[in-house]
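Working notes, structure below.
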Amino acid sequence: MIYFISDLHLSPQVPGVTRIFLEFLGGRARTAGHLYILGDLFEVWPGDDCIDDAENTFDRAIVDALHGLTDSGVRLSVMHGNRDFLLGEEFAARSGANLLPDPFILSVPAWQFVLSHGDALCTDDKDYQAFRAQVRDPAWRLAFLNKPLKERKAIAAALRQQSENSKREKLKQAQSLMDLNPGATDDFLREHGYATFIHGHTHRPAKHDHMVDGIHVERWVMSDWHENRGEYLCWNGEQLSREALR
Ligand code: MN
């Protein structure tokens with residue numbers, strides 16, 4: 001079985017989510033052959049050296065729990081979200097995960113999926129797309145990662161506040177700004193061979209039916225996690241289902 005999750009936004013401020021996730025890693029997740037985390041596992045990731053930050057052992061505990069899962073024989077793949085886009089090689093080595101490009105085509109016997117965080121298709125949000133291009137620029141990343149951890153954490157906190165404020169502002173303008181652009185999504189489905197599309201990011205869990213070039217394509221949007229419930233998608237070899245965690 002293959003499990004998919006996204007948008008946990010883990011941080012010390014959401015102990016309920018953290019508890020559900022740690023229980024999942026120690027229990028239900030071990031019944032999977034492969035777990036895919038499709039972005040925003042962490043609310044913030046200032047750089048892989050946060051794993052060994054003596055002042056904050058939260059990230060270390062999560063990485064150790066992920067390692068416990070991979071050690072038990074479950075394969076783990078992690079994609080960047082718009083919050084934890086700095087997850088790097090050290091994180092991968094310490095957790096036993098492999099980092100996935102976005103988008104990623106997942107071929108399984110008799111089926112094909114295309115996996116993405118989802119933010120790249122929110123093309124109506126021009127401010128966000130400019131920010132996304134900036135933080136994905138290798139020169140920006142290098143300059144940022146060369147700053148001391150403390151400074152990076154402060155910058156990340158400020159960016160997060162900015163993003164929350166602009167999200168509130170945009171929600172007043174139009175809900176659609178914060179969702180996938182329909183035309184860009186159709187093009188994406190066409191470019192990826194009409195594969196079943198799984199993504200998160202929008203926090204609007206749903207199963208959408210698209211007709212692209214006369215072909216029916218399913219788009220599964222994963223839920224974000226809450227203090228009293230989490231969710232994963234399960235592929236059992238024949239179909240996808242949405243499973244609740246409490
Ligand atoms: Mn996101």
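Within segment 42-63, restricting attention to residues that are among the aliphatic types (A, V, I, L, M) and under 16 Å from the mean Cα position of the chain (by Cα), which residue is farthest from the ligand (Cβ to nearest atom)?
VAL63
Quick one: which of GLN173, GLN112 is modelled with pLDDT under 95 and polar (S, T, N, Q)?
Details: GLN112 fails: modelled with pLDDT under 95.
Exactly one residue qualifies, and that residue is GLN173.
Could you give every pair whose Cβ atoms fall below 6 Å, whose first residue belongs to segment 196-225 and is within 13 Å of PHE4 (Cβ to Cβ) and open to solvent by 60 Å² or more (accessible area, probe 1.4 Å), and whose second residue is away from the ligand (no atom under 12 Å from the Cβ) and part of a loop (DSSP other than H, G, I, E, B), counting only separations of at least 6 or pairs across chains?
Going by the 6 Å Cβ cut-off, the qualifying pairs are PRO205/SER223.
Results for (1) under 20 Å from LEU41 (Cα atoms); (2) free of Cβ contacts under 8 Å to residues at least 12 places away in the same chain; (3) acidic (Asp, Glu); (4) touching a Ser or Thr at 6+ places or on another chain (Cβ under 9 Å), shown as yes or no for each residue.
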{"residue": "PRO103", "(1), (2), (3), (4)": "yes, no, no, yes"}
{"residue": "ALA143", "(1), (2), (3), (4)": "no, yes, no, no"}
{"residue": "ASN146", "(1), (2), (3), (4)": "no, yes, no, no"}
{"residue": "GLU151", "(1), (2), (3), (4)": "no, yes, yes, no"}
{"residue": "ALA157", "(1), (2), (3), (4)": "yes, no, no, no"}
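If a residue must be surrounded by 11 or more Cβ atoms within 10 Å (Cβ to Cβ) and either of a type in the set (A, V, I, L, M) or under 30 Å from GLU55 (Cβ atoms) (or both), how many such residues does segment 151-173 contain?
Going through segment 151-173 one residue at a time, the tally reaches 14.
Counting only residues that are open to solvent by 10 Å² or more (accessible area, probe 1.4 Å) and either assigned to a loop (DSSP other than H, G, I, E, B) or more than 16 Å from VAL135 (Cβ to Cβ) (or both), how many does segment 37-63 have? I'd like the intermediate steps shown before the answer.
Kept after step one, since they are open to solvent by 10 Å² or more (accessible area, probe 1.4 Å), are these residues of segment 37-63: 43-44, 48-49, 52-61.
Adding the requirement that they be either assigned to a loop (DSSP other than H, G, I, E, B) or more than 16 Å from VAL135 (Cβ to Cβ) (or both) leaves 43-44, 49, 52-61.
Result for segment 37-63: 13.
For LEU86, are the conditions met, namely being within 15 Å of the ligand (Cβ to nearest atom), farther than 22 Å from ARG190 by Cα, buried (at least 19 other Cβ atoms within 10 Å of the Cβ) and within 15 Å of the chain's Cα centre (by Cα)?
On the way: within 15 Å of the ligand (Cβ to nearest atom): yes; farther than 22 Å from ARG190 by Cα: yes; buried (at least 19 other Cβ atoms within 10 Å of the Cβ): yes; within 15 Å of the chain's Cα centre (by Cα): yes.
So LEU86 fits the description; yes.
Here are SER11, SER6: which of them is surrounded by 22 or more Cβ atoms within 10 Å (Cβ to Cβ) and among the small types (Gly, Ala, Ser)?
Details: SER11 fails: surrounded by 22 or more Cβ atoms within 10 Å (Cβ to Cβ).
Just a single option satisfies the conditions, and that option is SER6.
Specify the residue that is surrounded by the most Cβ atoms within 10 Å (Cβ to Cβ); the eligible residues are those in segment 14-23 that are in contact with a strand residue (DSSP E or B) (Cβ under 8 Å, 6 or more places away or on another chain) and not hydrophobic (A, V, I, L, M, F, W, C).
Filtering segment 14-23 down to residues in contact with a strand residue (DSSP E or B) (Cβ under 8 Å, 6 or more places away or on another chain) leaves 16-18, 20-21, 23.
Imposing the further condition that a residue be not hydrophobic (A, V, I, L, M, F, W, C) reduces the set to 16, 18, 23.
On the way: GLY16: 14, THR18: 20, GLU23: 15.
Filtering segment 14-23 for residues that are in contact with a strand residue (DSSP E or B) (Cβ under 8 Å, 6 or more places away or on another chain) and not hydrophobic (A, V, I, L, M, F, W, C), the one surrounded by the most Cβ atoms within 10 Å (Cβ to Cβ) comes out as THR18.
Would you mention how many residues in segment 91-130 are within 15 Å of the ligand (Cβ to nearest atom), in a helix (DSSP H, G or I) and surrounded by 17 or more Cβ atoms within 10 Å (Cβ to Cβ)?
Qualifying residue count for the region: 4.
Does LEU66 satisfy the criteria of being in a helix (DSSP H, G or I) and away from the ligand (no atom under 16 Å from the Cβ)?
Numbers: in a helix (DSSP H, G or I): yes; away from the ligand (no atom under 16 Å from the Cβ): yes.
In short, yes.
Among the numbered criteria (1) in contact with a Ser or Thr (Cβ under 6 Å, 6 or more places away or on another chain); (2) within 16 Å of the ligand (Cβ to nearest atom), which one does ASP7 miss?
(1)
The values are calculated or read from the model by the stated rules, or taken from the named source; none is laboratory data. Here the structure is a predicted model, which means the values were calculated and not measured. In this analysis, Cβ positions are derived from the backbone assuming ideal geometry, glycine residues included, and neighbour counts consider all displayed protein chains. The area values use the complete protein model at the heavy-atom level, side chains included, leaving out ligands, DNA and RNA. Shrake-Rupley method; radii C 1.70, N 1.55, O 1.52, S 1.80 Å.
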